[in-house]
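The block underneath contains the structure these notes are about, expressed in structure tokens.
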Amino acid sequence: MTTETRDIVVVGGGTAGCFAAATAAQEGLDVTLLERKSEDDGGHIACGDAIKGKSTFPDVIDREYLRQESFTNENIQRALFINPKGTNYDIPFKDGSGAVVDRKRYGEVLLEETERVGAEVQYNTVIKDVVQNGTVQGVRGVQNGTHVEYEADVVIDAAGSLSLLQDKVDFDGTNYDTNVTYQQFCSAYREIIETPEPVEYDDAIVFKPTEELGYLWYFPRTKTEINAGLGFQMNKPPMELVSVLKRDLENQPELEGAKVKDKLGAALPTRRPYDSAVAPGFMSVGDAAGHVNPTTGGGIPGAAKAGHWAAKVATEAISDGDVGEAALWEYNHRVQTDFGQRFAAMDLYNIFGSAHDVDELTNVVTALPGEMLIDLMGKKGAVSMSLPEKVKAAVVTAFRTRGHWGTLREAYEVNKLAAQLKEIYDEYPTTPSAFESWQARRDELMEEVYAVTGADPKY
Ligand SMILES: Cc1cc2nc3c(=O)[nH]c(=O)nc-3n(C[C@H](O)[C@H](O)[C@H](O)COP(=O)(O)OP(=O)(O)OC[C@H]3O[C@@H](n4cnc5c(N)ncnc54)[C@H](O)[C@@H]3O)c2cc1C
């Protein structure tokens, strides 16, 4: 067995791992990224391929090169929600256009850039264990068939959903979040299809509800190349993802004769971010720390930011000669007071949804006037209506939603609790010593959420 020594070792060469390793290299540290896949397969990751835009990425790689190479459709102007029971909802993006990428090329460029800025990337390296003596001090695995050990001041766990490393670390005596079960995850599957004719919705990301609190999506990489996929929450009965997608594809006249170019499935977290993702010598980033919007499944921007912030904080801790939990805590604070509070608030809608069946939710949605729904979703809507229009909308809503008032009342209450939860996350403690009392405050609010929605406790 060979033993190597580095300042930082990053496990996993996805978005989070690449941004972590690139940042550490830019900071002048000796860093190695270990990826289980081969170089040819690097970057081949199951995804819907939709991202908000290059502005969301930290400035540690050549973002323009990434855009040119992999952003195949930069003209996503709206989200189109197909309502199987009535009017569809078309929601324009107010903060500029989004993009759909060629995910394999995107992943390849990230790995390429990570190496170019000075990190070492080792492929064909499957990490199977951690080296720990109180503090995590490295990892062990198999590289091209040979046993290897890497010692490091800090190990960054970027190994994705349900990361194996977390089963190996002894978190006793730390605040690391171990309240993680597979029921807080979603199982998802996607195909890349090539259509003979251009689709009409090449400026939109298209969603459709499915059973078990999931949705089906059609995201156009180009006018003729579509990422089509779906998922279901793992606290619900399993769904036959491949056959449900096949049926839906067959029912779309415009997709007749389409060819499947690639198929891939994976689990993704649909839960709040880990309450704490640090332990002595150890930090988790991206999917490995639940950094995904639990209602949309969008995880790329969060993974990029988390990887960047973790490496920044680790660099400082290493230079101070202290990689203990308190020294790494600033990373938790950064995440929770940024996208963490938004994702934790979105999680309440996921919990609310889990207590109702999709049919019921679709009925409520169908009963609401489109403008009001858009307004509820925080985009432009009622605010832009004139007073007579608002009065008319209120009267129409009252008539059409008869029989759903209980559910609407609940949605209203959840909305209020989500705003309160954000405030609690804004006050996420700056040190581990205040963590327990913060958690107690947050859990008190969660009790109210379960009481209002009747949902089973998720955590
Ligand atoms: C079907 C699907 C659709 C999605 N759609 C979207 C979308 O449209 N937009 C969006 O923003 N997000 C989407 N997401 C979520 C997004 O893909 C993830 O949040 C994001 O990729 C997380 O990046 P990551 O680096 O944390 O993890 P990953 O991208 O999963 O990377 C983890 C890496 O670690 C490696 N690895 C794992 N274990 C080991 C080990 N033991 N040793 C060595 N290497 C290891 C893996 O091979 C992999 O390369 C989707 C996810 C799925 C599953």
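The values are calculated or read from the model by the stated rules, or taken from the named source; none is laboratory data. Values in this document were obtained by computation on a predicted structure and should not be read as measured data. Methodologically, a virtual Cβ is constructed for each residue, glycine included, from the backbone with ideal geometry; neighbour enumeration extends over all protein chains shown.
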Check whether at least one residue in the stretch 182-205 is at pLDDT below 95, within 20 Å of the chain's Cα centre (by Cα), more than 30 Å from residue 34 (Cα to Cα) and among the charged types (D, E, K, R), and report yes or no.
no
Just checking, how many residues over the stretch 127-155 are under 18 Å from residue 20 (Cβ atoms), acidic (Asp, Glu) and within 27 Å of the chain's Cα centre (by Cα)?
0
Considering each of 130, 154, 126 in turn, give the residue that is away from the ligand (no atom under 13 Å from the Cβ) and touching a Gly at 6+ places or on another chain (Cβ under 8 Å).
154
Within the stretch 16-45, how many residues are out of contact with any His (no Cβ under 7 Å at 6 or more places or on another chain), more than 13 Å from the ligand (Cβ to nearest atom) and of a type in the set (Ser, Thr, Tyr)?
0
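Based on this model, can you work out whether residue 162 counts as within 11 Å of the ligand (Cβ to nearest atom) and either in contact (Cβ under 8 Å) with a residue 24 or more places away in the chain or touching a Phe, Trp or Tyr at 6+ places or on another chain (Cβ under 7 Å) (or both)? Reasoning before the result, please.
On the way: within 11 Å of the ligand (Cβ to nearest atom): yes; either in contact (Cβ under 8 Å) with a residue 24 or more places away in the chain or touching a Phe, Trp or Tyr at 6+ places or on another chain (Cβ under 7 Å) (or both): yes.
Yes; evaluated as a whole, the condition is true for this residue.
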Single residue of 90, 62 found to be closer than 18 Å to residue 203 by Cα and among the acidic types (Asp, Glu)
90
Single residue of 208, 236 found to be touching a residue at least 60 places away in the same chain (Cβ under 8 Å) and part of a strand (DSSP E or B)
208
Exactly one condition in (1) buried (at least 24 other Cβ atoms within 10 Å of the Cβ); (2) under 15 Å from residue 120 (Cβ atoms) is false for residue 30; which is it?
(1)
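Please verify whether residue 148 is within 10 Å of the ligand (Cβ to nearest atom), surrounded by fewer than 22 Cβ atoms within 10 Å (Cβ to Cβ) and not in a loop (DSSP other than H, G, I, E, B), treating the condition exactly as stated.
Values: within 10 Å of the ligand (Cβ to nearest atom): no; surrounded by fewer than 22 Cβ atoms within 10 Å (Cβ to Cβ): yes; not in a loop (DSSP other than H, G, I, E, B): yes.
In short, no.
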Within the group 287, 338, 248, 262, which residue is part of a helix (DSSP H, G or I), within 13 Å of the ligand (Cβ to nearest atom) and charged (D, E, K, R)?
287
Any idea which residue in the stretch 290-302 is nearest to residue 21 (Cα to Cα), counting only those that are more than 8 Å from the ligand (Cβ to nearest atom) and crowded, with 24+ Cβ neighbours inside 10 Å?
290
Can you tell me which of (1) within 16 Å of the ligand (Cβ to nearest atom); (2) free of Cβ contacts under 8 Å to residues at least 60 places away in the same chain is the one residue 305 doesn't meet?
(2)
Given (1) more than 22 Å from residue 13 (Cβ to Cβ); (2) over 16 Å from the mean Cα position of the chain (by Cα); (3) among the aromatic types (Phe, Trp, Tyr), number of the condition residue 217 does not satisfy:
(2)
Can you tell me which residue among 17, 43 is of a type in the set (Gly, Ala, Ser), buried (at least 24 other Cβ atoms within 10 Å of the Cβ) and touching an Asp or Glu at 6+ places or on another chain (Cβ under 6 Å)?
43
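Looking only at the stretch 224-233, filter to residues that are away from the ligand (no atom under 11 Å from the Cβ) and at pLDDT 95 or above; which one of those is farthest from residue 196 (Cα to Cα)?
Step one: of the stretch 224-233, the residues away from the ligand (no atom under 11 Å from the Cβ) are 224-226, 232-233.
Narrowing further to those that are at pLDDT 95 or above: 224-226.
Values: 224: 7, 225: 9, 226: 11 Å.
Result: 226.
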